[in-house]
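Chemist: Could you have a look at this structure, given as structure tokens, before my questions?
The values are calculated or read from the model by the stated rules, or taken from the named source; none is laboratory data. Since this is a predicted model, take the numbers as computed values, not measurements. In this analysis, Cβ positions are derived from the backbone assuming ideal geometry, glycine residues included, and neighbour counts consider all displayed protein chains. Only protein heavy atoms, including side chains, enter the accessible area calculation; ligands, DNA and RNA are left aside. Shrake-Rupley method; radii C 1.70, N 1.55, O 1.52, S 1.80 Å.
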Amino acid sequence: QVQHPTRGRDSGPHQAAIEACARAKQWQRSLALLNHMFDQTLRTDIIAFTTAMGSCERSHVWERALDVFATLCTSRLAPDWFVYNTAISACGKGEHWTLALHLLSRACGVDGIWKTELFNSTISTCAKARQWSRALELLGGMPPEFVAPDDVTLGAAMEACERAENSEQALRLLSTMALRRLLPNTVVLCSAISACAKDSRWQHGVALFDALRSASSSSSASSSSPFSSSSSSGAFGAFSVRVGVAGASQLPTGSYGGDAFGANPIACGAAASALAAGALWREALRLLGEFRGLGLDTTGSMPAAILLTSVSHACARAFEWRAALWALGSAVSRQAELDTGSYLPAMTACADSHEWAWALWLLQVAPRPRHGSHTMPYLVVLRALASARQTTHVTQAMRAAASDLEGSSEGGGKALVAGMYRGLPNAAGQAPAAAARDSRERERNKGE
């Protein structure tokens, strides 16, 4: 039956059902329908295979998607570029970069399929597996007579550098793009800035942001840069100019990503993360003020939340807990999409400044962890309370942590709280005994 998938009765209703299941993310039913088509010797074309594979891939069941691909290869149907692309994307879900390279080699070498999309998916898979060298090799090895890199290709390669926290390669890639007169979009540029921030080369990230904003044709209408020598940051502005970034000055003048680079919340968020790495909280606040001064909205969107959280992190790194609270409060008042981690910088700043009451209050008002495994906020607050000998508050915080972290994949709330307590200062009195009694009571109630 598998050997003759194109023979048999019409299978239109079954294929329509497979597509409906795929849209509803019902991958099990998609596979069941595909198997039923084989059992009933219905005519099966490549669309049915591709749809079933896509359903598995989008549901992160990448092994099943590859099983469908293997079945397709044993049939008389020839896989097209879309089938290969789906299979390579499935490899990305499992970070199987070696298999992705094999599939790309087979598509190009055996079947003679040369598509930029296949290279994009393979580079993205290498990026997810933090194989930045392989990603750059693929980018440099794309034969110009068959395929040419596009924005997605460059973004995937830059993502590989960012995930590997390799700022040197990120800047080198940006320089190569400048030499080829390729205009990178905002995502590519922001990934380069983020790579610098993560690789302890925040100075280069800030200099890159400033250079790119100056190169934007629309930036002349905006206010002056917070890093220029005319601003109050003077010395840093001079340093920013001295650092320079290879390739940044060679980029063609234009509007990056459709907007002025300095007016893009994603770009400003990346710059704020670089400033946070350098604990330059005043410059981060000035950047936020400039962004708002342009009349741009910081309400509700995820990029705006990243910008506001990065500013709060910059203040926290400088132990400016009041400024960190202000930045966080600004994000909350503007209804930004915040999670538990967004509150962590302000919590840390308050805890390090011995403002345990503020840290405890932030823990109480922060959103609850979605997946039950975000232990850092609890650990930060518990350490602050234990250092301040706030025994009662330690007990209450441990009970709240055990409840909120219940069902965690790391062993449950009880195990996580026990692990957190072992790292606390020995100043919490009877807190462990109270927490143990509380845990025994919960287990007894469950048994009843």
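Chemist: Starting from the 7 Å offset along Cα-to-Cβ, what nm value, one decimal, do you get for the label separation of Ser333 and Glu95?
Modeler: Each label point lies 7 Å from its Cα, and together they span 4.1 nm.
Chemist: What are the extents of the Cα atoms of the range 117-205 along their three principal axes, in Å, largest first?
Modeler: 39, 28, 18
Chemist: Could I ask something else about it? In what sequence, largest accessible area first, do Asp45, Asp151, Asp210 appear using a 1.4 Å probe?
Modeler: In descending accessible area the options line up as Asp151, Asp45, Asp210.
Chemist: What full-extension length gain, to one decimal in nm, is calculated for Leu183 and Asp150 as 0.36 nm per residue of separation minus the Cα-Cα distance?
Modeler: Difference between extended and current length: 10.9 nm.
Chemist: Over the range 56-134, what relative contact order in percent results from Cα pairs under 8 Å that are six or more residues apart?
Modeler: Relative contact order here is 30 percent.
Chemist: Run through every distinct alpha carbon pair of the range 10-131 and return the Kirkwood hydrodynamic radius in angstroms, one decimal place.
Modeler: Value: 14.4 Å, from the Cα pair sum.
Chemist: Turning to a different aspect of this structure: Tell me the label-point distance for the pair Ser214, Asp111, using the 7 Å Cα-to-Cβ offset, in nm and rounded to one decimal.
Modeler: Simple spin-label model gives 4.9 nm for this pair.
Chemist: Roughly speaking, what is the stretch gain from Val365 to Asp352, that is 0.36 nm per residue apart minus the C-alpha to C-alpha distance, in nm to one decimal?
Modeler: Additional length available on full extension: 2.8 nm.
Chemist: How big is the accessible area of Glu162 in square angstrom, nearest 10, if you roll a 1.4 angstrom probe over the protein chains?
Modeler: 40
Chemist: Another question about this same structure. Calculate the FRET efficiency for Ala20 and Ser387 from the Cβ-Cβ distance with a Förster distance of 35 Å, rounded to the nearest 0.05.
Modeler: The calculated FRET efficiency here is 0.05.
Chemist: Tell me the label-point distance for the pair Ser133, Glu63, using the 7 Å Cα-to-Cβ offset, in nm and rounded to one decimal.
Modeler: 3.0
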